[in-house]
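First up is the structure itself, then whatever we jot down about it.
Nothing in this text is a laboratory measurement; each read-out follows from the coordinates by a stated rule. Every value quoted in this text rests on a predicted model; they were computed, and no experiment measured them.
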C-alpha cells in the first residue's frame, strides 16, 4: 500500500457504523452509483436488512475504533 491523499465522507469519520447502515439500507443505490446496476436484481435487500444486527455486532466486535484523529484522516489514508 502506498499513502495517498484521499478525502473521506465526513459521515464515515463521524460515525462509521451509522454510515455503513445507511449504505447497506439501500444497496441498489450503492451498486448503481458504483457502476454496477446490473447486480441490483441479484441482491435481496430484505435479507440484508435482516442480517444487519449480525453485521453491526461483527463491526463492533472487530473494529477497535479510529486509528487516527479526525484531523489526520485525510493525510493518513491508504489505498492499494
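Some points to look at:
- One decimal place: the segment residue 59-residue 36 gains 5.8 nm when fully extended, by the rule 0.36 nm per residue minus the C-alpha distance.
- For the pair residue 7 and residue 49, the difference between a 0.36 nm per residue extended length and the Cα-Cα distance amounts to 12.3 nm.
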